[in-house]
Amino acid sequence: MLNKLKQFLFGKPPIQKQHDFFGKILFMGGDIPKDEDYWETELEIKGSREPITILINAPIDGPDSRHVSFYEGCVADLDALFERCWPVFEPDFQEWTGNKFSGKWRDAFELMSIEIPREGDVTNEWTVGYYVDSANHYFTARFIDGTPKYNEIDG
């Protein structure tokens with residue numbers, strides 16, 4: 001009875017799992033499966049000042065080896081990951097910061113998030129987010145068909 005009352009007052013507790021690779025993951029979806037359902041976690045990675053948010057587009061069953069492989073490919077070379085994002089950041093960088101880019105991305109950008117696409121397939125939509133302190137905004141590269149298409153700026 002008490003559990004039903006808690007559920008009525010506070011909603012269902014979130015679904016959490018312990019994943020072999022990603023650790024504790026939290027499901028961000030409902031009872032009825034939808035394409036926008038995803039899992040969320042934070043991971044520490046070498047070369048990042050703070051843990052980064054990992055958004056994993058996967059069904060309620062959880063991420064699989066394809067998601068792990070995609071993530072490992074992203075974090076294996078953070079310089080290469082940034083270089084993939086830079087074409088959509090470049091037009092906005094000087095306008096939003098008032099500065100020329102030094103060429104050293106770690107001087108201006110802090111990696112904040114990686115969104116892993118459905119099925120870990122690079123051709124599905126995914127994002128990489130950075131915080132740009134001098135702009136006081138987040139720059140997020142949205143990839144479609146494996147190519148960065150545009151920068152989403154929010155603060």
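The values are calculated or read from the model by the stated rules, or taken from the named source; none is laboratory data. Computed from a prediction, not measured in an experiment: that's the story for all the values here. Don't worry about glycine lacking a Cβ; one is built from the backbone with ideal geometry, like all the others, and counts go over all protein chains shown. Protein only, heavy atoms only, side chains kept; ligands, DNA and RNA dropped before computing areas. Shrake-Rupley method; radii C 1.70, N 1.55, O 1.52, S 1.80 Å.
Structure notes:
- The set of residues in the range 33-53 that are open to solvent by 70 Å² or more (accessible area, probe 1.4 Å) and either under 14 Å from CYS74 (Cα atoms) or assigned to a strand (DSSP E or B) (or both) comprises GLU42, GLU44, LYS46.
- Subset of the range 101-123 [open to solvent by 50 Å² or more (accessible area, probe 1.4 Å) and not hydroxyl-bearing (Ser, Thr, Tyr)]: PHE101, GLY103, LYS104, ARG106, ASP107, MET112, ARG118, GLU119, ASP121, VAL122
- Of the residues making up the range 100-124, those that are out of contact with any helix residue (DSSP H, G or I) (no Cβ under 8 Å at 6 or more places or on another chain) and either in a helix (DSSP H, G or I) or touching a residue at least 12 places away in the same chain (Cβ under 8 Å) (or both) number 8.
- Count of the range 125-149 residues which are among the hydroxyl-bearing types (Ser, Thr, Tyr), in a strand (DSSP E or B) and more than 15 Å from the chain's Cα centre (by Cα): 1
- The set of residues in the range 23-32 being open to solvent by 60 Å² or more (accessible area, probe 1.4 Å) and either touching a residue at least 40 places away in the same chain (Cβ under 8 Å) or in contact with a His (Cβ under 9 Å, 6 or more places away or on another chain) (or both) is empty.
- Tally, over the range 114-136, of residues that are out of contact with any Phe, Trp or Tyr (no Cβ under 6 Å at 6 or more places or on another chain), of a type outside the set (Ser, Thr, Tyr) and farther than 18 Å from PRO63 by Cβ: 2
- Scanning the range 86-103 for residues that are out of contact with any Phe, Trp or Tyr (no Cβ under 6 Å at 6 or more places or on another chain) and closer than 13 Å to TYR131 by Cα turns up TRP96, THR97.
- Residue within the range 81-99 that is assigned to a loop (DSSP other than H, G, I, E, B), over 16 Å from the mean Cα position of the chain (by Cα), without any contact (Cβ under 8 Å) to a residue 40 or more places away in the chain and under 21 Å from TRP39 (Cβ atoms) present: no
- Every residue from the range 74-87 that is touching a strand residue (DSSP E or B) at 6+ places or on another chain (Cβ under 7 Å) and either open to solvent by 20 Å² or more (accessible area, probe 1.4 Å) or modelled with pLDDT under 95 (or both): ARG84, PRO87
- Any hit, the range 54-63, residues being touching a residue at least 40 places away in the same chain (Cβ under 8 Å) and open to solvent by 90 Å² or more (accessible area, probe 1.4 Å): no
- Total residues in the range 88-100, condition of a type outside the set (Ser, Thr, Tyr), in contact with a strand residue (DSSP E or B) (Cβ under 8 Å, 6 or more places away or on another chain) and surrounded by 12 or more Cβ atoms within 10 Å (Cβ to Cβ): 5
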